[in-house]
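A.B. asks: The structure's right below; bear with me while I get my questions together.
The values are calculated or read from the model by the stated rules, or taken from the named source; none is laboratory data. Treat the numbers as computed from the prediction; the structure is a model and nothing was measured. Methodologically, a virtual Cβ is constructed for each residue, glycine included, from the backbone with ideal geometry; neighbour enumeration extends over all protein chains shown. Ligands, DNA and RNA are excluded from the accessible area calculation, which covers all protein heavy atoms including side chains. Shrake-Rupley method; radii C 1.70, N 1.55, O 1.52, S 1.80 Å.
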Amino acid sequence: MAENLYALCAAREDLSRYYLSTNLCPAHRLERLEAIHNDLNAGKPVLCISTQLIECGVDISFRSVIRLAAGLDSILQAAGRCNRHGEGASGRVHVVRVDGDVENLDWLRDIKDGRDIFLNVIRVKFAKELQASDYDLTLPLLTEAYFDHYFHRRADVLSYAVERGNNTLLDMLGSNQHFTAKSLAPMLGQSFGTAAQKFKAIDSAATSILVPYGEGERIIADLCSTDILYEKKVLLRKAQRYSRECFSEYQSRAGQGQGAVSHSGQWYVCIAKKFLLH
C-alpha cells in the first residue's frame, strides 16, 4: 500500500519525497532517515510515505501526519511523529478510511480487527464524546472501550494456542487444566518450562534476503568466494545491515520467479538490484 502511494505521488523540485519500509535493508533505511532529518532541519518541505516501520523507535517530527485507519494504538504511535519536539504550537493528525478494494487486509487479521474495532468505537459508541473533545483520541473512556473490544475479539489468538490438544500458553501459566500431575496443589501446577519452549516472540518463518546495496554488494561477492567458516561468520555479521526479511512464501517465490534471488547456504542473495530495493 505504502509503495503504491509513493509511486502515485509525482516528484516535485520543491519537495523532498521519501519512502520507508522494511523492504529496505537497515543500512538503506538509516541513510533515508538521515536525509529526512537533514531536510527537516533545513526547513525544506518533506513528504514521507511509510509503513508501520515509522511508528516505533523512530525519533522524527513532522508538522502533519496522515494515518490510514488502524488500531487505536497504531494511530497514537503515528500521531507521536507529529510535532514531536514541539516545533509549533500544535500539529495536525488526519485518520483516513480507504475503500476495501484499495487496502486489502485479509491476510493481516490483527491489523484488520484493530481497524474495524476502532471505527466501530468512534462511530457508534463515542461519536458525541469525540466531537465534544475536538476529536481527542486519547480520551480514557475511548482507549478503555477499544482495548476491551480488541482483547475480547482476539481472545483466541492472545491465549497463544500450542500445536497439540486444546492447551494454550495462557493456561499453562495459570490453572494448567491439562497438567497430568494432579497431586500437586493447583498453585504449583504451572508448566513454565514447557511454555518457555513453545513461546515464539515472532511466530513467522522468515527468509533472509541479502541485497547488493552499498557495501552489501561486496559482502555478497565475498560470501560466494570463501569456504572458510570464520570468514563466513564475520561476513554474515556484517550482512545484517544489508539484509531484509521476507515473511511470506509469496515474496520469496516472487523474487525467485523474476530470477532475483539465488540460494546460498541458509541465505538468499538478491542478484537483481531492482528487486526489493525501491
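A.B. asks: Which helices (runs of 4 or more DSSP H) does the stretch 207-258 wholly contain that include 1 or more residues that are farther than 18 Å from Cys25 by Cα and modelled with pLDDT under 80?
C.D. replies: Ranges flagged: 249-257.
A.B. asks: Would a scan of the stretch 70-86 turn up a residue that is loosely packed, with under 15 Cβ neighbours inside 10 Å and free of Cβ contacts under 8 Å to residues at least 24 places away in the same chain?
C.D. replies: There is at least one residue in the stretch 70-86 that is loosely packed, with under 15 Cβ neighbours inside 10 Å and free of Cβ contacts under 8 Å to residues at least 24 places away in the same chain.
A.B. asks: Follow-up question, since we're still on this one. Which pairs have Cβ atoms under 7 Å, sit 6 or more apart or on different chains, and link a residue in the stretch 214-238 that is surrounded by fewer than 13 Cβ atoms within 10 Å (Cβ to Cβ) to one that is among the basic types (Lys, Arg)?
C.D. replies: As it stands, the answer is none, since no pair meets every condition given.
A.B. asks: Scan the stretch 59-69 residue by residue and report those that are more than 17 Å from Gly86 (Cβ to Cβ) and surrounded by fewer than 17 Cβ atoms within 10 Å (Cβ to Cβ). First the steps, then the outcome.
C.D. replies: Of the residues in the stretch 59-69, the ones more than 17 Å from Gly86 (Cβ to Cβ) are 66-69.
The one that is more than 17 Å from Gly86 (Cβ to Cβ) and surrounded by fewer than 17 Cβ atoms within 10 Å (Cβ to Cβ): Ile66.
A.B. asks: Let me ask another. Residues of the stretch 108-145 being assigned to a loop (DSSP other than H, G, I, E, B) and touching a residue at least 60 places away in the same chain (Cβ under 8 Å), which ones? Walk me through it before giving the result.
C.D. replies: At the first step, the residues of the stretch 108-145 found to be assigned to a loop (DSSP other than H, G, I, E, B) are 108, 126, 133-139.
Once the filter is applied, which keeps residues that are assigned to a loop (DSSP other than H, G, I, E, B) and touching a residue at least 60 places away in the same chain (Cβ under 8 Å), the stretch 108-145 yields Leu137, Thr138.
A.B. asks: Identify, from the list Ala27, Ala7, the residue that is open to solvent by less than 30 Å² (accessible area, probe 1.4 Å), under 29 Å from Gly216 (Cβ atoms), among the small types (Gly, Ala, Ser) and assigned to a helix (DSSP H, G or I). Let's see the steps before the verdict.
C.D. replies: On the way: Ala7 fails: open to solvent by less than 30 Å² (accessible area, probe 1.4 Å).
Going through Ala27, Ala7 in turn, just one is open to solvent by less than 30 Å² (accessible area, probe 1.4 Å), under 29 Å from Gly216 (Cβ atoms), among the small types (Gly, Ala, Ser) and assigned to a helix (DSSP H, G or I): Ala27.
A.B. asks: Considering only the stretch 118-141, state which residues are surrounded by 11 or more Cβ atoms within 10 Å (Cβ to Cβ) and acidic (Asp, Glu). Write out each step before concluding.
C.D. replies: Let us first name the residues in the stretch 118-141 that are surrounded by 11 or more Cβ atoms within 10 Å (Cβ to Cβ), namely 118-123, 125-127, 129-130, 132-133, 135, 137, 139, 141.
Of everything in the stretch 118-141, just one residue is surrounded by 11 or more Cβ atoms within 10 Å (Cβ to Cβ) and acidic (Asp, Glu), namely Glu129.
A.B. asks: For the stretch 34-45, name all the residues that are outside any loop (DSSP other than H, G, I, E, B) and surrounded by fewer than 18 Cβ atoms within 10 Å (Cβ to Cβ).
C.D. replies: If the condition is that a residue be outside any loop (DSSP other than H, G, I, E, B) and surrounded by fewer than 18 Cβ atoms within 10 Å (Cβ to Cβ), then Glu34, Ala35, His37, Asn38, Asp39, Asn41 are the ones that fit.
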